[in-house]
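Engineer: Structure in structure tokens, see below.
The values are calculated or read from the model by the stated rules, or taken from the named source; none is laboratory data. Keep in mind the model is a prediction, meaning the values are calculated, not measured. Because the Cβ atoms are built from the backbone with ideal geometry, glycine has one as well, and the counts that use them run over all protein chains shown. Accessible surface is based on the protein model in full, side chains and every heavy atom, while ligands, DNA and RNA are left aside. Shrake-Rupley method; radii C 1.70, N 1.55, O 1.52, S 1.80 Å.
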Amino acid sequence: MAHRILLVEDDPYLQDGLREVLELEGYNVALASTAGEARAAWDDAAYDLVILDVRLPDGSGLDLCRQWRQTGNRVRILFLTACSEELQVVQGLDAGGDDYVTKPFRLRELTSRIRAQLRRSSPAAYRGRHIQVDYGRCSATRDGHPLMLTPTEYMLLAALTRHPGRTLTRAQLLTQIWDHAGEYIDDNTLSVHISRLREKLGPACIHTVRGMGYRWQEP
């Protein structure tokens, strides 16, 4: 499943150029131009990385980062700053940022730093009380016994366990998960796969969030 990146940048030309580059790299990109839009996007989805401009029209990226960190979310945050002064860099890292890139920047350097942050944010495995998922081997077990999952069932399980406790909407799953034949999964088929996955895992792990999607919350 493609990594999801939230790009928070108020310069429309830079935003559009970065979106194009990131999508060519295979990332799923959501856009925000203000702190308000970023908060709304944050509430609506789970992300693997946030690229955050320090100066926004309606507030500071530093304050936004602090607010997110206070909620306990540890998503990787990479700051974009037009200032290379040491003080601003330190403020960004102290606010909870994981890295920074100074404008103007080289695209190769930015994409390299993005890959580095995503490597650090991607767990090698999920280890629950009953369910274990090895992302490197694309395998899963329940109470130590291998689970016989279809490719689509495994992708659903991996998507949910990578974001435990967070709701993934049906739209997010539908746009990111394809079955083993490479055919797009429609809404009804997604419900069938979730039902079959629950039969194999036990019904308590995948919670339905009515009107939105699903949340992984192993007892």
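Engineer: Using alpha-carbon pairs under 8 Å, 6+ residues apart, how would you state the relative contact order of the chain in percent?
Structural biologist: 14 percent
Engineer: Relative to the longest principal Cα axis of the chain, at what angle does helix 187-201 sit, 0 to 90 degrees, rounded to 10?
Structural biologist: Computed tilt is about 70 degrees.
Engineer: Right, here's the next one. What's the angle, to the nearest 10 degrees (0 to 90), between helix 12-24's Cα axis and the longest principal axis of the chain?
Structural biologist: Approximately 40 degrees, to the nearest 10.
Engineer: In the neighborhood of V21, defined by Cβ-to-Cβ distances under 14 Å, what is the net charge if each Lys or Arg adds +1 and each Asp or Glu adds -1?
Structural biologist: -1
Engineer: Further question on the same structure: Out of (1) 7, 32, 32, 20, 8, 1; (2) 7, 28, 32, 24, 9, 1; (3) 8, 36, 40, 14, 1, 0, which label holds the value of P(r) over Cα pairs in 10 Å bins from 0, in percent that was computed here?
Structural biologist: Structure-derived value, by its label: (1).
Engineer: Specify the inter-centroid distance of region 196-219 and region 42-115, based on alpha-carbon positions, in whole Å.
Structural biologist: A separation of 33 Å, based on Cα centres.
Engineer: Kindly report, to the nearest 10 Å², the accessible surface of H145 as traced by a 1.4 Å probe over protein heavy atoms only.
Structural biologist: Roughly 120 Å² of H145 is accessible to a 1.4 Å probe.
Engineer: Would you work out the relative contact order for region 110-158, in percent, from Cα pairs under 8 angstrom that are 6 or more residues apart?
Structural biologist: 21 percent
Engineer: Which value, in debye to the nearest 20, gives the size of the charge dipole of the chain about its Cα centre, when Lys and Arg are +1 and Asp and Glu are -1 at the Cβ? List each step's numbers first, then the result.
Structural biologist: On the way: 27 positive and 29 negative charges, 198 e Å.
Roughly 960 debye for the chain.
Engineer: For A82 and D11 in the same chain, what is the full-extension length gain: residue separation times 0.36 nm, less their Cα-Cα distance, in nm?
Structural biologist: Details: separation 71, 0.36 × 71 = 25.56 nm, distance 1.20 nm.
In short, 24.4 nm is gained.
Engineer: Continuing with the same structure: What spacing in nm lies between the two simple spin-label points modelled at F105 and T208, each 7 Å away from Cα in the Cβ direction?
Structural biologist: Going from the F105 label point to the T208 one covers 4.2 nm.
Engineer: From the phi of every residue in region 93-109, what ³J(HN,Hα) in whole Hz does the Karplus formula 6.51 cos²θ - 1.76 cosθ + 1.60 yield, where θ is phi - 60° and glycine or proline is x?
Structural biologist: Karplus values, whole Hz, x for Gly and Pro: 5, 5, 6, x, x, 9, 6, 8, 10, 8, 7, x, 10, 8, 4, 5, 5.
Engineer: Does region 75-135 classify as rounded, prolate or oblate by the C-alpha gyration tensor (a ≥ b ≥ c root eigenvalues; a/c under 1.5 gives rounded; else a/b over b/c gives prolate, otherwise oblate)?
Structural biologist: Oblate is the answer for region 75-135, as a/c is 1.5 or above yet b/c matches or exceeds a/b.
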